[in-house]
Amino acid sequence: MNRIAVFASGSGSNFQAIADAVGKGILQAEISLLVCDKPGAQVIERARKLHIPIFTFVPNTFASKAHFEKEIVSELEAYNVKLIVLAGYMRLIGEVLLEAYEGRILNIHPSYLPAFPGKDAVGQALEADVAETGVTVHYVDSGMDTGPIIEQVKIPVRPGDTREMLQKRIQNAEHQLYPAIINKLLQKDTIGGLVQ
Ligand code: GAR
């Protein structure tokens, strides 16, 4: 079985969509671990309900990013994780994780990259008054939402859209797209030497 870890910092609706897809057999994988940098985040409760192991930590209690990433890597290795899936993990990945999991870290971002990288991509799109925005799944490198793009979909911004309306439309697309792409990559075995 393909063992994946999901990294999240917030509500975890993407984590839930991935877990639901696993449950339905749409995504042939096992979520072996949730990694969360916010001990009070709603995603933790979601993982608990599903009996998925959780590694949670408080970044500023560590001397540096390298220090907490070393802890994360040893957790990932203990669970024999092959693929890292960032799902609203609001933190740049550092050298330690990149070296350990090069080519095996995915991210989903709520815009049609390279437009609107970084925080609050939905707010940025509304502010820019664009006719369409989107969702992007990409490999992670050391930059802010800059890694090689795997797949993108466009989402129209409708006249009168509130932030909530646009965000809902974007998240619905994310919940369909992300599990499907993860499964496709795992099935094709295109994730850097991944062995089932
Ligand atoms: C998602 O929309 C995801 O695309 C975004 O955070 C949200 C998390 O929602 N990620 C980024 O902006 C990364 N730069 P969720 O916790 O409900 O899955």
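The values are calculated or read from the model by the stated rules, or taken from the named source; none is laboratory data. No experiment lies behind these values; they were computed from the predicted model shown. Heads up, the Cβs are rebuilt from the backbone with ideal geometry, glycines too, and the neighbour counts pull from every protein chain shown. Side chains are part of the model used for accessible areas, which takes the heavy atoms of the whole protein and leaves out ligands, DNA and RNA. Shrake-Rupley method; radii C 1.70, N 1.55, O 1.52, S 1.80 Å.
With a requirement of 3 or more residues that are within 12 Å of the ligand (Cβ to nearest atom) and not polar (S, T, N, Q), the helices (runs of 4 or more DSSP H) lying completely within segment 62-135 that satisfy it span 121-128. Could you list, ordered by first residue, the pairs with Cβ atoms under 6 Å in which the first is in segment 102-121 and farther than 22 Å from Ile18 by Cβ and the second is open to solvent by less than 40 Å² (accessible area, probe 1.4 Å) and of a type in the set (A, V, I, L, M, F, W, C), at least 6 apart or interchain? So the pair list comes out as Phe116/Ala125. Determine if segment 22-30 includes at least one residue that is more than 15 Å from the chain's Cα centre (by Cα), buried (at least 17 other Cβ atoms within 10 Å of the Cβ) and part of a helix (DSSP H, G or I). There is at least one residue in segment 22-30 that is more than 15 Å from the chain's Cα centre (by Cα), buried (at least 17 other Cβ atoms within 10 Å of the Cβ) and part of a helix (DSSP H, G or I).
The one condition from (1) away from the ligand (no atom under 11 Å from the Cβ); (2) at pLDDT 95 or above that Asn14 does not meet is (1). Among the residues of segment 64-108, those identified as open to solvent by less than 50 Å² (accessible area, probe 1.4 Å) and of a type in the set (Gly, Ala, Ser) are Ser64, Ala66, Ala87, Gly88, Gly94, Ala100, Gly103.
If you go through segment 136-176 and keep only what is farther than 16 Å from Tyr89 by Cβ, among the β-branched types (Val, Ile, Thr) and part of a strand (DSSP E or B), you end up with Ile149, Ile150, Val153, Ile155. Can you say whether Arg158 is open to solvent by less than 70 Å² (accessible area, probe 1.4 Å) and modelled with pLDDT of 95 or more, as far as the supplied structure shows? In short, no. Condition first: within 18 Å of Leu97 (Cβ to Cβ), within 11 Å of the ligand (Cβ to nearest atom) and either surrounded by 19 or more Cβ atoms within 10 Å (Cβ to Cβ) or of a type in the set (Gly, Ala, Ser) (or both). Can you find one or more residues in segment 37-59 that meet it? No: segment 37-59 contains no residue that is within 18 Å of Leu97 (Cβ to Cβ), within 11 Å of the ligand (Cβ to nearest atom) and either surrounded by 19 or more Cβ atoms within 10 Å (Cβ to Cβ) or of a type in the set (Gly, Ala, Ser) (or both).
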